[in-house]
Amino acid sequence: MDASPARGSRSSASRSLEPACRAPAMKVSYLRVFAGGLLAILLVLVLCFRQLPTSPAEPNARAGGDPGEAAGARGVTVLLWYHPFGARRAMPDCAALYAIPGCIVTANRSAYPRADAVLVHHRDIRGNVSRLPQSARRGAQKWIWMNFESPTHTKHLERLEGLFNMTMSYKLGSDIFVPYGYLERARAPPRRVPLPTKRRLVAWVVSNWNEAHARVVFYWNLRRYVPIDVYGRAGAELVGDSVVRTVSAYKFYLAWENSQHTDYITEKLWHNALQSSAVPVVLGPPRSNYEKFLPADAFIHVDDFSGPAQLAAYLRFLARNPRSYLRYFAWKRRYTVHVASFWHEHYCAACAAVRASARHAKVVSDLALWFHA
């Protein structure tokens, strides 16, 4: 069937014009498809990137933090060379216990080649260099000297000069300062200070009895003027095997150190006395040293008196005058007591310090002079 001349001429004209008219439309269509596809790909990439795990260094980098700090956040491995005093303990989870992430503490010596630091407890080497790692250490690895005994009971430091990079002790000025305890600000100060009922006067818990110690000499003199109940290896058994439960029944506690040295203020003050809500009667470093760690009205120092008779008279006076006695607990309105947790707290503190000092290197060349000063 033939088409009409009019339709035939229109079809012919249309066929001759179609390529010219459709070409621009097809180009626009392809460009739209291409642009849409590119946008979809970019969107997928962005979404995938946002779901990728970020490294611990990224928050510091985004905030414009110190580059060394960001690098140190990658993770730190601390190798414990000896379990202190040979007592094996599980290694701590520093992130869970102290909010210190990226910290690995291990006692597995196979980690030595990759360890960022080696932690050495002094009493387990006692200056014997052969008990230290014998393999060469890698350049950035730090050796940490750890000791919480007083200088009287710390020997042979001169053999260790130039071997360690950091110190950890109770002593102010340590690279890693971990005191036996401290006061921290109370989050919600109480309106009143509750105290246990106290019907007894003076308590002393002592395990290391040595007649040559200044504290034992002072004890024999003080007991002539005031009754003292002695507990521990040298006295009666603790109530329920608990120092706090035992001492809480007493108004005063003899927080007497086995030797007198700067900053050597042990759990005898923080745990035995303050956590038991007993007024500590201290014998150790001078009063001025104690006042670096707690308020002046939180303790009684034996040096404040001319002798045991005067000290005993003052304790009896406070026992008869509740208002004067309670003044020694004013600190409880502002502070709570933190007692160091041996040894988890120390291991995690070492990890944090190694991270913070990642870009700093030194050698402790005056260990004996510094610690015995």
Scan region 265-283 and tell me whether some residue there is touching a helix residue (DSSP H, G or I) at 6+ places or on another chain (Cβ under 8 Å), in contact (Cβ under 8 Å) with a residue 24 or more places away in the chain and of a type in the set (D, E).
no
Just for region 329-353: of the residues that are touching a His at 6+ places or on another chain (Cβ under 9 Å) and of a type outside the set (V, I, T), which one is farthest from F252 (Cα to Cα)?
W343
Run E257 past the list (1) out of contact with any Lys or Arg (no Cβ under 8 Å at 6 or more places or on another chain); (2) charged (D, E, K, R); (3) modelled with pLDDT of 95 or more and report the number of the one that doesn't hold.
(1)
Matching residues, region 247-257, being buried (at least 23 other Cβ atoms within 10 Å of the Cβ) and in contact (Cβ under 8 Å) with a residue 60 or more places away in the chain
F252
Between V217, V239, V202, which is in contact with an Asp or Glu (Cβ under 9 Å, 6 or more places away or on another chain), without any contact (Cβ under 8 Å) to a residue 12 or more places away in the chain and of a type outside the set (D, E, K, R)?
V217
With respect to N210, determine if the residue is touching a residue at least 40 places away in the same chain (Cβ under 8 Å), surrounded by fewer than 16 Cβ atoms within 10 Å (Cβ to Cβ), in contact with a Gly (Cβ under 9 Å, 6 or more places away or on another chain) and not assigned by TED's automatic domain parsing to the domain that holds A349.
no
Inside region 74-118, can you point out the residues that are of a type in the set (D, E) and either touching a Cys at 6+ places or on another chain (Cβ under 7 Å) or buried (at least 17 other Cβ atoms within 10 Å of the Cβ) (or both)?
D116
Reported set for region 216-255 where residues are aromatic (F, W, Y) and under 9 Å from V205 (Cα atoms) is Y231, Y253
Does region 152-178 hold any residues that are in contact with a Leu (Cβ under 9 Å, 6 or more places away or on another chain) and surrounded by fewer than 19 Cβ atoms within 10 Å (Cβ to Cβ), and which are they?
E158, E161, G162, L163
Out of region 327-351, which residues are part of a helix (DSSP H, G or I) and buried (at least 18 other Cβ atoms within 10 Å of the Cβ)?
Y328, W331, K332, H344, H346, Y347, C348, A349, A350, C351
Considering only region 168-247, give the strands (runs of 3 or more DSSP E) lying wholly within it that have at least 1 residues that are modelled with pLDDT under 95.
181-185
P194: passes all of (1) at negative phi; (2) surrounded by fewer than 13 Cβ atoms within 10 Å (Cβ to Cβ); (3) touching a residue at least 60 places away in the same chain (Cβ under 8 Å) but (3)
Is it true that Y314 is surrounded by 14 or more Cβ atoms within 10 Å (Cβ to Cβ), under 34 Å from the mean Cα position of the chain (by Cα) and in a helix (DSSP H, G or I)?
no
When (1) modelled with pLDDT of 95 or more; (2) not in a strand (DSSP E or B); (3) not β-branched (V, I, T) are applied to F252, the one that fails is (2)
Find the strands (runs of 3 or more DSSP E) located wholly in region 95-165 whose residues include 3 or more that are out of contact with any Lys or Arg (no Cβ under 6 Å at 6 or more places or on another chain), touching a residue at least 60 places away in the same chain (Cβ under 8 Å) and β-branched (V, I, T), and list them.
none
Could you please find all residues in region 284-297 being touching a residue at least 40 places away in the same chain (Cβ under 8 Å) and surrounded by 15 or more Cβ atoms within 10 Å (Cβ to Cβ)?
F293, L294
With respect to R323, determine if the residue is in a helix (DSSP H, G or I), among the basic types (K, R) and surrounded by fewer than 17 Cβ atoms within 10 Å (Cβ to Cβ).
yes
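The values are calculated or read from the model by the stated rules, or taken from the named source; none is laboratory data. What you see is a predicted model; the values in this text were computed from it and never measured. A quick note on method: Cβ atoms are made from the backbone with ideal geometry, for glycine too, and the neighbour counts reach across all protein chains shown.
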